[in-house]
Amino acid sequence: MEKYRIERNTVQETMVIPLYGRWLCSKRFPTLFADASAARLMEKIDYDFSELEKRSDSVVQVFGALETAMRQSDIAWEVRDYLKEHPRAAVINLGCGLDDTGRACDNGMCRIYNIDLPDVIELRDRLLPPGEREKNLAFDLKDPRWMDAVRNDPDDGVVLFAAGVFYYFTTEEVKALVTGIA
């Protein structure tokens, strides 16, 4: 099996920590949180996890893993709840990285859009190729053109979520994004 190398100090590296957190939580607390996708992805990535492994038993690392897993679970609950009322909605994962929450919430009718920077989407296309009603879109979220790529029938609805991406935005950039979406 070909492994995909992720170098340190790259944008792609920002995907590794939440992925590792979901994997660690699944391994340590399988009855609380099971993420089979994280386990599969960990096998496909060539990355030096030794620094994370050294701290994997620390309270801080375990808490971080639980926080990541619970954030994903909370988002998935909200998306599924929205899809009950809007089954054909567009489900938009902003700054998706290697997160597959949209896919985990798929009701068979919604459309899923995963948006991230081009080099992240390039890796995502290899590791998590899009399904039948799913698109991986290479855009900088600060560039409003991504909104044109996800236009849909307003009656179908839209649910957007972002997990961990706004750490890389200024307050003004978040305001501009929210204003553009509205």
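As I understand it, the value is the acute angle between the Cα axis of helix 118-127 and the longest principal axis of the Cα atoms of the chain; what does it come to in degrees, rounded to 10?
So the helix axis and the longest Cα principal axis differ by about 70 degrees.
Mind telling me which of 172, 78, 132 comes out most flexible in a GNM of the chain, alpha-carbon contacts under 10 Å?
Comparing 172, 78, 132 in the GNM, the peak value goes to 172.
According to the square roots a ≥ b ≥ c of the eigenvalues of the Cα gyration tensor, what is the shape class of the stretch 33-140, taking rounded for a/c under 1.5, prolate for a/b larger than b/c otherwise, and oblate for the remainder?
Numbers: a/c = 2.35, a/b = 1.42, b/c = 1.65.
Here the stretch 33-140 falls in the oblate category.
Considering the chain as a Gaussian network with a 10 Å cut-off on Cα pairs, which listed residue, 165, 150, 59, attains the greatest mean-square fluctuation?
The residue with the greatest mean-square fluctuation here is 59.
If a/c stays under 1.5 just call it rounded; otherwise compare a/b with b/c (prolate if a/b is bigger, oblate if not). Do that for the chain, with a ≥ b ≥ c from the square roots of the Cα gyration tensor eigenvalues.
It comes out prolate by the Cα gyration axes.
Working from Cα positions, state the angle (0 to 90°, nearest 10) between the long axis of helix 59-85 and the longest principal axis of the chain.
20 degrees
In the chain, what percent of the accessible surface is made up of carbon and sulfur (1.4 Å probe, ligands and nucleic acids excluded)?
Carbon with sulfur: 54 percent of the solvent-accessible area.
Given springs between every Cα pair under 10 Å in a Gaussian network model of the chain, which of 113, 47, 168 has the largest fluctuation?
168
Would you mind working out the accessible area per residue for the chain, using a 1.4 Å probe, and quoting it in Å²?
Each residue of the chain exposes 56 Å² on average to a 1.4 Å probe.
The values are calculated or read from the model by the stated rules, or taken from the named source; none is laboratory data. The shown structure was predicted, so the numbers you read here are calculated from the model rather than taken from an experiment. Each accessible area value is taken on the protein alone, full model and side chains, heavy atoms only, with ligands, DNA and RNA left out. Shrake-Rupley method; radii C 1.70, N 1.55, O 1.52, S 1.80 Å.
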